[in-house]
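Data first, discussion second: the structure below is written as structure tokens.
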Amino acid sequence: MIPEYCKQCINRNANPYMSSEFDANPTPHSSVIAANPVVQPQMQTGQTVSAPNTSADEDQFIVAPGSPTVLGIEYTQGFLKTMIGRRVRVTFLIGTDSLTDRTGILQEVGISFIVLRDTNSNLNTLCDIYSIKFVVIFN
């Protein structure tokens, strides 16, 4: 199998089995553009740009452009977020043929999980959102 190299590489037309000029370990090129280049904001006269928050305890996440958001109520997570604080019974499909349910107060909704607080023991249970089949919401 012939390895592939970038268009700037001397090896792009070389056959490693037929040529003595083939370099099996090419060095990276200095003019290669980064996969995710940083775009600097355009500034107008008198405008200042603050440094982005890069603290380790940042709770926000970045949503890629064009990705569906979990905030809309047309998505499961968005709808369940409107039900936080309500008593619910959630039915989960475990494997291919086993159903189990949990009842409690809906405490938190994440991208791939929910947290239910059991009213009897006051314990929190983290649940996988992708195995949820039914949610009964009590008034």
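Bear in mind these aren't lab numbers, they're just calculated from the coordinates by the rules spelled out. Being a predicted model, the structure only gives us computed values, none of them experimental. Every residue, glycine among them, receives a Cβ derived from its backbone with ideal geometry; neighbour counts consider all protein chains shown.
Some notes on this structure:
- Net charge, residue 88 excluded, C-beta distance under 11 Å - Lys, Arg +1, Asp, Glu -1: +4
- Chain lengthening between residue 117 and residue 93 when straightened (0.36 nm per residue, less Cα-Cα): 6.7 nm
- When the Cα gyration tensor is reduced to axis lengths a ≥ b ≥ c, the ratio a/c is 1.5 or higher for region 73-139, and with a/b not above b/c it is classed as oblate.
- Sparsely packed trypsin sites (Lys or Arg not before Pro) within region 78-119, loop by DSSP, other Cβ within 10 Å at most 13: 86
- Proximal charge balance of residue 136 [Cβ under 12 Å; K/R count +1, D/E count -1]: +4
- Inter-probe distance in nm under a simple model that places probes 7 Å from Cα toward Cβ, at residue 75 and residue 100: 2.7
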